[in-house]
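Below is one structure; the comments refer to it alone.
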Amino acid sequence: MPVDKLDTDSLGKYLTETIKGFAGLQTAEKFAGGQSNPTFLLTADSGEYVLRRKPAGHLLTSAHAVDREFRVISALADTEVPVAKAYHLCEDDGVIGSMFYVMGFVDGRIFWDPALPDMKSGDRTAMYDEMNRVLAALHSVDVDALGLGDFGKPGSYFERQVGRWTKQYVAAETETIEPMDELMRWLPEHMPVDDGQVALVHGDYRLDNMIFHPTESRVLAVVDWELSTLGHPFADLAYQCMQWRLPNAGISKGLAGTDRKALGIPTEADYVERYCRRTGRNGIPDWTFCLAFSFFRLAAIVQGVHKRALDGNASSARAAEIGKMARPLAQAAVDLITVAA
């Protein structure tokens, strides 16, 4: 069966038997967004739900970990970090062809452009402050109390991540991208000393992975936890702050070149300072490294998207276009470290 279709007969029977109160599956419609794990809106007599599944075809090792997503949103249910309700994880490939989980449908707003062109200045300010608050809350949760003490390896986060994404990139490489080769040399040579900070990190913390209240500047749910792990909190912060440095053109949705003051959007420095104030930190050492690593990691991710598009098992029609971002992302990191040198 195609990756964008589900066997609703098999699925409906299974969910009726496993989720309390679930009844009468009517339709399963794939959401247009998302590049990694295909996501579907389930409409049933008992309400609306969301299903996330692993994609079909050959997958890179450790990728598309929907079981980890389910575990983390289950653990965060009663914290200050807003998440959708976790209902059920199915590890039996026989139901729909791959592992999947079901969570509650959150009715709210998703924004794809960080410039928030349709919002008022005051609303933009409030929404950015809310994103900052949620990120600080995420990095402040007690992972041991949530049962997530083994959700990742403690310490040496950047070193392990550089190694992991280097391997992932090489496995998905389709052409020589010179800036990526340069980054794979530079990052290990400029690895900061491990400072022992460990937090639950989202791994893809950005505007379009948040569902906002229909009328308020409040996040109802942070979604897409596939890359979450125990790691260094500065990685999440730097990853989000890439948007201040990316252009707002084509498929790249960033804030470079925009009049942020007029828009009511904080500067990168203000956003970082507010995060530090909320988490009791005094600045971010090795900020250039954190940003360069974030660009490198995202370039490796989109290269994986590009490879899946070529292999015919990408979950989005835009995958090929997005995959072309690997080179400019890598070049942005090289430009960053060159200026800082």
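The values are calculated or read from the model by the stated rules, or taken from the named source; none is laboratory data. Just so it is clear, the model here is predicted, and its values are computed rather than measured. When we count neighbours, we look across all protein chains shown, and the Cβ atoms used for this are built from the backbone with ideal geometry, even at glycine.
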Any pair with Cβ under 8 angstrom, 6 or more apart, that starts in segment 247-270 at a residue that is over 16 Å from Leu116 (Cβ atoms) and ends at one that is in a strand (DSSP E or B) and among the aliphatic types (A, V, I, L, M): Pro247/Ala256
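Would you confirm, using the coordinates I've provided, whether Ile19 is modelled with pLDDT of 95 or more and surrounded by 15 or more Cβ atoms within 10 Å (Cβ to Cβ)? Working first, answer last.
Details: modelled with pLDDT of 95 or more: yes; surrounded by 15 or more Cβ atoms within 10 Å (Cβ to Cβ): yes.
Spelling it out, Ile19 is indeed modelled with pLDDT of 95 or more and surrounded by 15 or more Cβ atoms within 10 Å (Cβ to Cβ).
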Hits in segment 22-34 (condition: surrounded by fewer than 20 Cβ atoms within 10 Å (Cβ to Cβ) and on the phi < 0 side of the Ramachandran plot): Ala23, Gln26, Thr27, Glu29, Lys30, Phe31, Ala32, Gly33
Elements of type helices (runs of 4 or more DSSP H) contained in segment 269-341, each with 3 or more residues being crowded, with 21+ Cβ neighbours inside 10 Å and touching a Leu at 6+ places or on another chain (Cβ under 8 Å): 287-311, 326-340
Some residue of segment 113-136 being touching a Pro at 6+ places or on another chain (Cβ under 6 Å) and surrounded by 19 or more Cβ atoms within 10 Å (Cβ to Cβ): yes
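Are any residues in segment 179-232 part of a helix (DSSP H, G or I) and more than 16 Å from Arg109 (Cα to Cα), and if so, which ones?
Filtering segment 179-232 for residues part of a helix (DSSP H, G or I) gives 179-189, 207-209.
Result: Pro179, Met180, Asp181, Glu182, Leu183, Met184, Arg185, Trp186, Leu187, Pro188, Glu189.
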Test: residue in segment 237-259 that is part of a helix (DSSP H, G or I), touching a Cys at 6+ places or on another chain (Cβ under 8 Å) and crowded, with 19+ Cβ neighbours inside 10 Å: yes
Complete set of residues in segment 113-142 that are farther than 15 Å from Val222 by Cα, among the hydrophobic types (A, V, I, L, M, F, W, C) and assigned to a helix (DSSP H, G or I): Ala126
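Would you say Ser98 is at pLDDT below 95 and either surrounded by 18 or more Cβ atoms within 10 Å (Cβ to Cβ) or under 18 Å from the mean Cα position of the chain (by Cα) (or both)?
Values: at pLDDT below 95: yes; either surrounded by 18 or more Cβ atoms within 10 Å (Cβ to Cβ) or under 18 Å from the mean Cα position of the chain (by Cα) (or both): yes.
Here the answer is yes, as Ser98 does meet what is asked.
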